[in-house]
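Accompanying notes for the structure given below.
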Amino acid sequence: MTLLQRDLIPLSAILLAFTASYLTYDHLPSHIPVHWGIDGRIDNYFHKRLGVYLNPGMMALVYIFFRLIPYADRHRVKQLREIGVYDRFRNAAVLLFGYAHLLGIGIGLRWVSPEANPLIGGTSLLVLFAGDYIQTVQPSRLDRLLYRTGIAPSAAARHRICHSFTLAGLCGLIGTLTGRVQALWLLLPLLTGVFHTRLRFPADKGSAS
């Protein structure tokens, strides 16, 4: 597998972020949001000369950082790659800055609500990646977790949980952009999916799985 194939997601995201900055620059106001506080509200604006390229630059730095880590701790990185965590964690880190960039540009263009909370959006992104990870995690590990939550371990249950996480993550990302009842966009499909899976595949508490 070539570098481009393995790192297609972060490299494409970085390229798209810089392209979006260039194409929207003339249409943005003089200052755009670049940072949000612990409550998810905008607390810092930069002039667009710097602000429009800040997050794409951070995306590139994060990607380079993850490219260099294997040279410092090759064994640990190999272990993380074997369980499917390392590349997903890197992609999530790059895309979190990409999502902040999307919000900053979107708010500047008045396409996105200034009430958009990147904390909920970031959580939604992690839930989306969790749904993707569920597809590859060893069934034995996931089955133990399913049993503890009252779900009978099976391929059908794992598939349904994966779809629930994926749908909830996508809804959460979209809902954040609206700035309205943002948490519900994530929680409602997630909790509904898990609850429906429990009803459809109830675990037999009389036997261990």
Cα gyration tensor shape for segment 80-190, rounded if a/c is under 1.5, else prolate or oblate:
oblate
Kindly express, to the nearest 10 degrees and within the range 0 to 90, the angle between helix 48-72's C-alpha long axis and the longest C-alpha principal axis of the chain.
50 degrees
Could you tell me which of rounded, prolate or oblate describes segment 33-75, using a ≥ b ≥ c as the square roots of the eigenvalues of the alpha-carbon gyration tensor, with rounded for a/c under 1.5 and, failing that, prolate when a/b is larger than b/c and oblate otherwise?
oblate
Accessible surface of Val85 - all protein chains present, 1.4 Å probe, nearest 10 Å²:
50 Å²
Under the rule rounded for a/c under 1.5, else prolate if a/b exceeds b/c, else oblate, using alpha carbon gyration tensor axes a ≥ b ≥ c, segment 1-112 is classed as prolate
Per DSSP H run of n ≥ 4, the term is -39500 (n - 2.57); total these for the chain, divide by its residue number, and report the mean residue ellipticity at 222 nm rounded to 500 deg cm²/dmol.
-23500 deg cm²/dmol
Hey, if we sort Ser124, Ser113 by accessible area with the 1.4 Å probe, largest down, what's the order?
Ser113, Ser124
Please report the accessible area of Ile174 (heavy atoms, 1.4 Å probe, ligands and nucleic acids excluded) in Å², nearest 10.
100 Å²
With each label point set 7 Å from Cα along the Cα-Cβ vector, what nm distance links Thr149 and Ile9?
1.9 nm
In the full protein assembly as shown, how much of His196 is accessible to a 1.4 Å probe, in Å² to the nearest 10?
90 Å²
Debye intensity ratio in log₁₀ form over the Cα atoms of the chain, taken at each q of 0.07, 0.16 Å⁻¹
-0.27, -1.09
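The values are calculated or read from the model by the stated rules, or taken from the named source; none is laboratory data. What you see is a predicted model; the values in this text were computed from it and never measured. As a convention, Cβ positions derive from the backbone with ideal geometry for all residues, glycine included, and neighbour counts pool all protein chains shown. Remember, those area values only see protein heavy atoms, side chains included, never the ligands or the DNA or RNA. Shrake-Rupley method; radii C 1.70, N 1.55, O 1.52, S 1.80 Å.
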